[in-house]
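*Asks:* I have a structure here, written as structure tokens, and I will follow up with some questions on it.
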Amino acid sequence: DRFQWLFQQICLNRADGIVAVSEDFAVYASSLWNIPKNRLHVIHNLVDTERFLPDNNQQREQSIIFVGRLVKNKGLLVFVEALRSLVNDFPDIKIYFAGLDYFLKDENMKSSEYILKYLPPKNVVILGKVMVNDLIKLYQRCMICVLPSFYESFGMTALEAMAFGVEVVEIRMGG
């Protein structure tokens, strides 16, 4: 909405500099928010590969992990819709949702209620906020990380999952 756009413009104009995670995003941000290129600095995402590494002794289970806030703009509703047919084809699959639960205003229910309304409870594990050490264990045993987010600012989740050798499925988006 207009207020959000105006607020962003004010913040961007007052900032000493703006960090972008890639050259492509720097070009995109420059054109979208009319930011002079000399105010944009590219700093690529980094992952601690000493800590985030696969456990070759851990057997991966038939599972999918979603990491992030359980909200609409993270692609939660689209993901749940896609999973509805997947659980029919793979009845033993586990789907982990690692992220804070939010109220979905348009659906008039919490995101966890929405998930359980459309997916069989035997397939779903809603974890809430997950501490890093527990997230590491999840990445080490999951096969696929799905990130259907419509927008990401830094996209660390994909990099972390890839560091563990987890297949990452995401949509094309800015960020």
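The values are calculated or read from the model by the stated rules, or taken from the named source; none is laboratory data. Small disclaimer: the values here were computed from a predicted structure and weren't measured. Here the Cβ positions follow ideal geometry from the backbone for every residue, glycine too, while neighbour counts run over all protein chains shown. The area values use the complete protein model at the heavy-atom level, side chains included, leaving out ligands, DNA and RNA. Shrake-Rupley method; radii C 1.70, N 1.55, O 1.52, S 1.80 Å.
*Asks:* Ranked highest first by the average count of other Cβ atoms within 10 Å around their residues, in what order do 14-25, 73-84 fall? Walk me through the intermediate numbers first.
*Replies:* Working: 14-25: 13.1, 73-84: 17.9.
Those peptides, ordered most packed to least, come out 73-84, 14-25.
*Asks:* How large is the accessible surface per residue of the range 60-175, computed with a 1.4 Å probe and reported in Å² as a whole number? Mind dumping the intermediate values first?
*Replies:* Numbers: 6150 Å² over 116 residues.
Accessible area per residue, the range 60-175: 53 Å².
*Asks:* Still on this structure, please answer the following. Quick one: plug the Kirkwood hydrodynamic radius of the range 29-85 (C-alpha pairs) into Stokes-Einstein at 37 °C, 0.692 mPa s, and report D in µm²/s. Don't skip to the end; give the middle numbers.
*Replies:* Values: Rh = 16.2 Å.
For these conditions, the coefficient is 203 µm²/s.
*Asks:* Once label points are set 7 Å from the Cα along Cα→Cβ at both Arg69 and Ile43, what is their separation, rounded to one decimal in nm?
*Replies:* 2.2 nm
*Asks:* If you don't mind, there's one more thing I want to ask. Quick one: angle between helix 132-141 and the longest Cα principal axis of the chain, in degrees between 0 and 90, rounded to 10, please.
*Replies:* Taking the Cα atoms of the chain, the angle to 132-141 is about 60 degrees.
*Asks:* Relative contact order, percent, of the range 75-175 when contacts are C-alpha pairs under 8 Å separated by at least 6 residues?
*Replies:* Over the range 75-175, the number comes to 26 percent.
*Asks:* Sequence gap at least 6, Cα distance under 8 Å: using those rules, report the relative contact order of the chain to the nearest whole percent. Before the final figure, lay out the partial values.
*Replies:* Working: 266 pairs, mean separation 43.6, N = 175.
Relative contact order of the chain: 25 percent.
*Asks:* Give me the percent of accessible area attributable to carbon and sulfur for the range 1-130, probe 1.4 angstrom.
*Replies:* Working: 4510 of 8530 Å².
Summing carbon and sulfur atoms, their accessible area is 53 percent of the total for the range 1-130.
*Asks:* What fraction of the DSSP beta bridges in the range 1-122 is antiparallel, stated in percent and rounded to the nearest 5? Walk me through the intermediate numbers first.
*Replies:* Numbers: 2 of 11 bridges.
Of those bridges, close to 20 percent are antiparallel.
*Asks:* Quick one: of Lys72/Lys137; Lys117/Lys137; Lys37/Lys74; Lys94/Lys137; Lys105/Lys129, which pairs are farther than 18 Å apart, Cα to Cα?
*Replies:* Lys72/Lys137; Lys117/Lys137; Lys37/Lys74; Lys105/Lys129
*Asks:* Sticking with this structure for a sec: Quick one: Cα centre-to-centre distance for the range 109-160 and the range 1-27, in angstrom?
*Replies:* Answer, in whole Å: 28.
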